[in-house]
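One structure is given here, and the rest of the page talks about it.
The values are calculated or read from the model by the stated rules, or taken from the named source; none is laboratory data. Computed from a predicted model, the values in this text were never measured in an experiment. Quick reminder, even Gly has a Cβ in these numbers, built from the backbone with ideal geometry, and neighbours come from all protein chains shown. Calculation scope for accessible area: heavy atoms of the full protein, side chains included, ligands and nucleic acids excluded. Shrake-Rupley method; radii C 1.70, N 1.55, O 1.52, S 1.80 Å.
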Amino acid sequence: MDTPIHATRPHDIIALGGFPIMRTTSAALIPLLQQKMQQQQIALCFANTNFIVKCQAEQAALTGNDTIIVNDGIGIDIATWLVHRQRFTENLNGTDFTPQLLQQLGTSARVFLLGAKPGIAQRAAQTLSTQYQVNVVGVRNGYEEARNAEMLISAINTSHANVVLVAMGNPYQEQWILKHRHQLNATLLMGVGALLDFLAGDKTRAPALVQRLRLEWFYRLCLEPSRLLRRYTLDIAQFLLLCVRSGDRIHHLRHSGG
């Protein structure tokens, strides 16, 4: 059943495509996550247009108090303005926010990297260690090393990781987190998309000016047209339709413990 957002959620939540998206800033989100990590296990998702389209089947499982969803990208801003005549205060894309968060967590963070092609996670770990002074306690790729879920869960728990970055793309990373979160001892689970590819240098960020103009999506489309063309054409149309139809409602709202 659909639930009106204003009946169940605080004012800092905006409904978009059926998901509750937190309206916040990095300066406010980091201490909130630190606090949550002391109390319960929390999952953090970055909602871009692809997330809204691909994760529709996961709505019920992603609307609890054990999950935070934040805005990522200009498409979310446009849809929010069209549907609600509101704007998000800050663009909280995972590529920029995650290293910032890990730096702020400092020595308390023990990070496990999961996902991407073979070799990517290792190079990403090196970047996190040398450039951001992050303590990476384990890595596994998203292919052969992720096939045996029991061994993978054991490896993550044995590493004593309290932060797990899952880089499998939407909706696979969200599905993995939802399926395995209660088997993990880690207190923060994050779906980070292409972050490991960027950290490893396998993919390049757009120039700073392009990022400031909010055109990084176009830069990536030019680099990978065959992979991203549908995402930025047909999927965008589906995304906007979902947002308009959903309005200010969050579908199948449930509450988790904690």
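Brief remarks follow.
- Every condition in (1) over 21 Å from Arg181 (Cβ atoms); (2) touching a residue at least 12 places away in the same chain (Cβ under 8 Å); (3) not in a loop (DSSP other than H, G, I, E, B) is met by Ser129 except one, and the failing one is (2).
- Among residues that are without any contact (Cβ under 8 Å) to a residue 40 or more places away in the chain, crowded, with 16+ Cβ neighbours inside 10 Å and farther than 16 Å from Ala79 by Cα, Arg220 is included.
- Restricting the stretch 231-258 to residues that are assigned to a loop (DSSP other than H, G, I, E, B) and surrounded by fewer than 12 Cβ atoms within 10 Å (Cβ to Cβ) leaves a set whose member that is modelled with the lowest pLDDT is Gly258.
- Some residue of the stretch 174-182 being open to solvent by less than 50 Å² (accessible area, probe 1.4 Å) and either over 26 Å from Leu128 (Cβ atoms) or of a type in the set (D, E, K, R) (or both): yes
- Within the stretch 86-109, residues that are touching a residue at least 12 places away in the same chain (Cβ under 8 Å) reach no partner that is open to solvent by less than 50 Å² (accessible area, probe 1.4 Å) and basic (Lys, Arg) with beta carbons closer than 6 Å at six or more positions or on different chains.
- The set of residues in the stretch 175-210 being at pLDDT 80 or above, in a helix (DSSP H, G or I) and over 27 Å from His160 (Cα atoms) consists of Ala208, Leu209.
- Positions within the stretch 84-96 being farther than 18 Å from Ala200 by Cβ and either buried (at least 18 other Cβ atoms within 10 Å of the Cβ) or not β-branched (Val, Ile, Thr) (or both), in sequence order: His84, Arg85, Gln86, Arg87, Phe88, Glu90, Asn91, Leu92
- Arg110 vs. criteria out of contact with any Phe, Trp or Tyr (no Cβ under 9 Å at 6 or more places or on another chain), open to solvent by 80 Å² or more (accessible area, probe 1.4 Å), of a type in the set (Lys, Arg) and at pLDDT below 95: no
- Residue within the stretch 73-82 that is under 30 Å from Ala237 (Cβ atoms), surrounded by fewer than 21 Cβ atoms within 10 Å (Cβ to Cβ) and among the aromatic types (Phe, Trp, Tyr) present: yes
- Here Glu150 does not fit the description of being open to solvent by less than 10 Å² (accessible area, probe 1.4 Å), more than 22 Å from Val134 (Cα to Cα) and either β-branched (Val, Ile, Thr) or out of contact with any His (no Cβ under 9 Å at 6 or more places or on another chain) (or both).
- Considering Ala28, Ala57, the condition of being open to solvent by 40 Å² or more (accessible area, probe 1.4 Å) and without any contact (Cβ under 8 Å) to a residue 60 or more places away in the chain is satisfied by Ala28 alone.
- Scanning the stretch 144-160 finds no residues that are within 22 Å of Leu92 (Cα to Cα), outside any loop (DSSP other than H, G, I, E, B) and in contact (Cβ under 8 Å) with a residue 12 or more places away in the chain.
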